[in-house]
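J.: A single structure is presented below for examination.
Nothing in this text is a laboratory measurement; each read-out follows from the coordinates by a stated rule. For clarity, every value in this text was computed on a predicted model and none was experimentally measured. With ideal geometry, Cβ positions are generated from the backbone for all residues, glycine too; neighbour counts draw on all protein chains shown.
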Amino acid sequence: MGKPHDHLHQRLARLAPARLYAIVDTGYVELSRVPFVTEQLVRGGVDLIQFRAKKQAHGEVAELGKQMRRLIPPAGPLFILNDHPHLVAEIGADGIHVGQDDLPVAEARRQAGEGSIVGKSTHSLDQAIAAEKEGADYIGVGPIFATPTKPDYVPVGPPLIGKVAAAVRVPQFCIGGVNESTLPEVLTAGAKRVVIVSALLKSQDIPAYCRRVREQLVSH
């Protein structure tokens, strides 16, 4: 039982109770504000922070990722990198997130390091079941509603949440148009965990927004 296995076991133990997942997306956040937004999310008590930088060069992603890592306490939120599995070890991230058109889960884990968490985006029941079989440690389910973050994706609708929950055992994070006002509908549909992107990033008081969302998640 080598060290990578221990690391993965510890990370999965932290993933299991996780409810609120935030994404620092450079499509919404100016590069100069990435450290500030990261600090605010940590203060808000999110369980996972993903860094998504679709238009930045590898060197820039690595540099910003290292800045984020310094601001995310070791016992704080899990730190997930979107794409760039080869940068996970250099940055010191806890894992990698891949989309349907990206690397297979096993290859992403091989590149990121065997102790890394691997999450995968899914947009249908079949994709959710396939991602679990492929070995994903968690899945994203969505987009539940129309979202400016992914304008090309057709919303899957809240009914998919319950279908996936009945068929898949790994943690499922519902994403896409989820915010403070749509959260009740998502929770009623059976969600236990959510990803919030634009609503959090555009909030005037990120920690307060996080706390209000967490109250809804915990009380449901």
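J.: Can you report the number of residues in the stretch 65-90 which are among the aliphatic types (A, V, I, L, M), surrounded by fewer than 22 Cβ atoms within 10 Å (Cβ to Cβ) and part of a helix (DSSP H, G or I)?
T.: 3
J.: Quick one: in the stretch 114-151, of everything that is among the aliphatic types (A, V, I, L, M) and under 29 Å from K202 (Cα atoms), which residue is surrounded by the most Cβ atoms within 10 Å (Cβ to Cβ)?
T.: V141
J.: Check the stretch 32-54 and report whether any residue there is more than 14 Å from the chain's Cα centre (by Cα), without any contact (Cβ under 8 Å) to a residue 12 or more places away in the chain and in a loop (DSSP other than H, G, I, E, B).
T.: Checked against the condition, which is being more than 14 Å from the chain's Cα centre (by Cα), without any contact (Cβ under 8 Å) to a residue 12 or more places away in the chain and in a loop (DSSP other than H, G, I, E, B), the stretch 32-54 yields no hits at all.
J.: Quick check: is even one residue across the stretch 41-63 closer than 19 Å to L87 by Cα, among the aromatic types (F, W, Y) and surrounded by 21 or more Cβ atoms within 10 Å (Cβ to Cβ)? Before you say what the answer is, go through the steps one by one.
T.: Just the residues of the stretch 41-63 that are closer than 19 Å to L87 by Cα, to begin with: 48-63.
Narrowing further to those that are among the aromatic types (F, W, Y): 51.
From what is left, the residues that are surrounded by 21 or more Cβ atoms within 10 Å (Cβ to Cβ) are 51.
Looking through the stretch 41-63, at least one residue is closer than 19 Å to L87 by Cα, among the aromatic types (F, W, Y) and surrounded by 21 or more Cβ atoms within 10 Å (Cβ to Cβ).
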